[in-house]
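Take a look at the structure set out below.
Bear in mind these aren't lab numbers, they're just calculated from the coordinates by the rules spelled out. Everything numeric in this text was worked out from a predicted model, so none of it was measured.
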Amino acid sequence: MRSLALVIITVMSTALTMAQRPIDKFVRPLPSQARAVVDFDDFLTQEDFIELDNDLVRYDSLTGNTIVLLILPSLTDTVTLRSYTIEATALAYFNTWGIGRKETNRGVLILLVPSQRQVRITVGRGLETVLTNETCSLIIQEQIIPHFKEGAITRG
């Protein structure tokens, strides 16, 4: 019985590792100079980048809630040409980068992919009761998307 359990655990962990590999390779490492805004798409102007980054760092120091804004050029891996969903990409970045303090898990990742007109908010367990999926959806629909449509958020 014990050997059967060992075989099952080995097969499952191998399957999970193989299933995660493609997206893990798609996730870029956290830049060494990164704080709260990571713009791999050069979407923001330098002034907007600095102001937003400073605001998010200040918010984190006041509340203990870490918010990271990640902007990607695409959800397609340029090497493998494999495309990922915004949900899978946001979750992979959130977990790989370890957003939020480990002891409280109060992190938030806002992922923008302007070229594909997609946005996703992923929340750590410490904030799930406050920022539910419904609340995040409302924030996207009522705040983020209208700002894009009004031209308040444009490519730098």
Can you give me the long-range amide H partners of ASP39? Hydrogens built in the peptide plane at 1.01 Å from N, cutoff under 5 Å, separation of 5 or more residues or another chain.
ILE71
Fraction of antiparallel bridges per DSSP, segment 2-149 only, in percent to nearest 5
45 percent
Does segment 37-139 come out rounded, prolate or oblate, given a ≥ b ≥ c as the square roots of the eigenvalues of its C-alpha gyration tensor, rounded meaning a/c under 1.5 and, failing that, prolate meaning a/b above b/c?
oblate
Any residue on another chain or 5+ positions along whose placed amide H is under 5 Å from the amide H of ARG82 is listed here as ASP77
